[in-house]
Amino acid sequence: MTSPKDTKRRSQSWFGHEGKSGFLYRSWLKNQGYPSDLFDGRPVIGICNTWSELTPCNGHFRELAEYVKRGIYEAGGFPLEFPVMSLGETQMRPTAMLFRNLASMDVEESIRANPIDGVVLLMGCDKTTPSLMMGAASCDLPTIGVSGGPMLTGRWRGQKIGSGTGVWKMSEMVRAGEMSQDDFVEAESCMHRSKGGSCMTMGTASTMANMVEALGMSLPENAAIPAVDSRRYRLAQLSGRRIVQMVHEDLRMSKIMTRNAFENAICANAAIGGSTNAVIHLLAMAGRLGVPLTLQDWDDLGSKLPCLVNLQPSGEHLMEDYYYAGGLPAVLREISAHLHLGALTVNGKTLGENVASAPCWNRDVIMTTSEPFKPEAGIAVLRGNLAPDGAVIKPSAASTHLLQHRGRAVVFENIEDLNARIDDDALDIDEHCVMVLKNCGPRGYPGMAEVGNMPLPPKLLKRGITDMVRISDGRMSGTAYGTVVLHTSPEAAAGGPLALVQNGDMIELDVAGRRIHLDVTDEELARRRALWKAPEVPKRGWYKLYVDHVQQANLGADLDILVGGSGSEVPRDSH
Ligand code: FES
């Protein structure tokens, strides 16, 4: 099917000219063998690809893009694939999160500057999802998300081993003397065994793929189909077909990603036991669209919901099991009483229509609201004199006996200080202490690294201690677990109260009361503040731009100059 010529279409501002400039726009593209009729006004679809050999989770994206193209051609569109900055979570230093906003700028400007009427976002590894969603949202064209899907289940000596979660567990076993270094290295080859695919635990990548689907921004089942399953490629092809229709319908992101859609996503995050990182990414995405969403919404809307999904890091299964059990549609059907079922999705149907008859095939993986995996599972938002603008904790990943706790602070000034002293048997620490890590926030690291789940001291591990209260202004991998208070705002490097904590101070954590308190008088804190010196800031380049403009975690850690959008207005001609 070919579409009638539409001179109002955005791409026709490039290809529809008869004179010199039309020649220039068309002729150079024709060097790739495109026939003239592809420029006749049919929808031009940009395929925004985050393939990179340095982002192994997205290693199959060139092939995935070919299936998207098939679908676009079938529906009468003209696909044009383009690369954007790809953020490989495991490789990038100091942290991939430092570059989320930079990649989003690449996405936004690449879309707006080019002859594109609609966009397919190929997303997988952790930060590739929010960066593409944020950048595309600031353009607000018809857009559909296609995730790369999770890797196959990791298997080692008959056991399932999950991305990240297995690493944290086994590395602590090595440090406790319970696992040999040789076995540790052998497990390394057994954990990630499919070419392409994101971490197969309910880590940040899987969480964000679920968020994309819960927001209505992908076809149903997008979140969980394994990367190497043929159905992943079928979904890519169907998404290619659908984006062409979305351009005809002018179905833009802002019509789908409404406040109701974000509320649905928050509820879904609780029900899947999703990552704390989703809090920051969804706040930033909402900010791009002008949707009012606050940190407190996470607690108000999601914290009382049960977790239904028995997946690592909170449970035992992995993403393959989740897909075979029914995936997100089965979860959403189960919590449908909490959802805005009338929210529109990219397939033109409502969320309610999409999940109304979604089956569940395995109640050991996806449980029911009447018999949930964990009764209260969302994100709890803590406040107090240690976190005036908030901090978060994921109670479902924490130890019940530590959710109410008072302990002596053991302070690490930064990650180097932690690494230098944590293995020292002379470190003055016991299991009742509260570990405090400073200068890991957006400005302090910079980039807000995933170091909040500090390793425990070996001398305590050897005594069988597996969890302690830990507090930082950093983040935690979605694959990690523990009684870990994160995203403390304002951060230490911005002069937040966390900067003033000293060894020996008493800290109180009361998750039920949503309180985090530093038991030091206001007078003493004022005295310490007068002595506090702000850390040096970077002098040039992206680091400087980032530190000068990044907002705190409670606002989504987007740059202040990137909040909102500039739409899809066609820029002035260059010829
Ligand atoms: Fe890429 Fe986990 S490292 S998804």
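The values are calculated or read from the model by the stated rules, or taken from the named source; none is laboratory data. This is a predicted model, so every value here is computed, not measured. For neighbour counting, all protein chains shown are included, and Cβ atoms are generated from backbone atoms with ideal geometry for every residue, glycine included.
Within the range 55-87, how many residues are closer than 15 Å to Gly197 by Cβ and surrounded by fewer than 18 Cβ atoms within 10 Å (Cβ to Cβ)?
Qualifying residue count, the range 55-87: 2.
Looking at Asp573, Asp560, which one is surrounded by fewer than 13 Cβ atoms within 10 Å (Cβ to Cβ) and either under 28 Å from Met211 (Cβ atoms) or within 16 Å of the ligand (Cβ to nearest atom) (or both)?
None of the other options fit; the residue is Asp560.
Considering every residue within the range 278-289, establish whether at least one is outside any helix (DSSP H, G or I), within 20 Å of the chain's Cα centre (by Cα) and among the β-branched types (Val, Ile, Thr).
no
Among the numbered criteria (1) small (Gly, Ala, Ser); (2) in contact with a Pro (Cβ under 7 Å, 6 or more places away or on another chain); (3) more than 16 Å from the ligand (Cβ to nearest atom); (4) under 24 Å from Ala271 (Cβ atoms), which one does Ala214 miss?
Every listed condition holds for Ala214 apart from (2).
Name the residues in the range 71-90 that are touching a Pro at 6+ places or on another chain (Cβ under 9 Å) and in a helix (DSSP H, G or I), would you?
Gly71, Ile72, Tyr73
So, in the range 437-475, exactly how many residues are among the basic types (Lys, Arg), under 21 Å from Glu508 (Cα atoms) and either part of a loop (DSSP other than H, G, I, E, B) or free of Cβ contacts under 8 Å to residues at least 12 places away in the same chain (or both)?
Counting residues in the range 437-475 that are among the basic types (Lys, Arg), under 21 Å from Glu508 (Cα atoms) and either part of a loop (DSSP other than H, G, I, E, B) or free of Cβ contacts under 8 Å to residues at least 12 places away in the same chain (or both) gives 2.
Would you please name the residue that is nearest to Leu402 (Cα to Cα), looking only at residues in the range 491-507 that are in contact (Cβ under 8 Å) with a residue 60 or more places away in the chain and touching an Asp or Glu at 6+ places or on another chain (Cβ under 6 Å)?
Within the range 491-507, the match that is nearest to Leu402 (Cα to Cα) is Met506.
Are there any strands (runs of 3 or more DSSP E) wholly within the range 91-183 with 3 or more residues that are at pLDDT 95 or above and within 16 Å of the ligand (Cβ to nearest atom), and if so which?
Of the strands (runs of 3 or more DSSP E) lying wholly inside the range 91-183, those with at least 3 residues that are at pLDDT 95 or above and within 16 Å of the ligand (Cβ to nearest atom) span 118-123, 143-147.
I need the helices (runs of 4 or more DSSP H) fully contained in the range 319-419, keeping only those with at least 1 residues that are of a type in the set (S, T, N, Q).
351-355
With the requirement that a residue be surrounded by fewer than 17 Cβ atoms within 10 Å (Cβ to Cβ) and of a type outside the set (Val, Ile, Thr), what does the range 359-388 give you?
Pro359, Trp361, Asn362, Arg363, Asp364, Ser370, Glu371, Pro375, Glu376, Asn385, Pro388
So which of Gly16, Gly71 is under 28 Å from the mean Cα position of the chain (by Cα), of a type in the set (Gly, Ala, Ser) and at negative phi?
Being under 28 Å from the mean Cα position of the chain (by Cα), of a type in the set (Gly, Ala, Ser) and at negative phi holds for just one of Gly16, Gly71, which is Gly71.
Of the residues Thr204, Thr143, which single one is farther than 19 Å from Trp51 by Cβ and touching a residue at least 24 places away in the same chain (Cβ under 8 Å)?
Answer to the selection: Thr204.
Can you tell me which of Ser370, Ser399, Ser336 is without any contact (Cβ under 8 Å) to a residue 12 or more places away in the chain and not aliphatic (A, V, I, L, M)?
Checking each option against the conditions leaves just Ser370.
Of everything in the range 290-302, what is in a loop (DSSP other than H, G, I, E, B) and surrounded by fewer than 20 Cβ atoms within 10 Å (Cβ to Cβ)? Give them in sequence order.
Within the range 290-302, Gly290, Val291, Pro292, Thr294 qualify.
Sort out which residues of the range 30-67 are assigned to a helix (DSSP H, G or I) and in contact (Cβ under 8 Å) with a residue 24 or more places away in the chain, and write them in order of number.
Matches in the range 30-67: Asp37, Leu38, Phe39, Pro56, Cys57, Asn58, Phe61, Glu63, Leu64, Ala65, Tyr67.
Here are Val228, Val212: which of them is surrounded by fewer than 19 Cβ atoms within 10 Å (Cβ to Cβ), touching a residue at least 24 places away in the same chain (Cβ under 8 Å), β-branched (Val, Ile, Thr) and at negative phi?
Answer to the selection: Val228.
Residues are listed down the side, and each one gets a yes or a no for (1) surrounded by fewer than 24 Cβ atoms within 10 Å (Cβ to Cβ); (2) under 25 Å from Gly378 (Cα atoms); (3) of a type in the set (Gly, Ala, Ser):
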{"site": "Gly452", "(1), (2), (3)": "no, yes, yes"}
{"site": "Lys459", "(1), (2), (3)": "yes, no, no"}
{"site": "Arg463", "(1), (2), (3)": "yes, no, no"}
{"site": "Val469", "(1), (2), (3)": "no, yes, no"}
{"site": "Ser472", "(1), (2), (3)": "no, yes, yes"}
{"site": "Thr479", "(1), (2), (3)": "no, yes, no"}
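Residues that are touching a Ser or Thr at 6+ places or on another chain (Cβ under 7 Å) and basic (Lys, Arg): does the range 414-436 have at least one?
no
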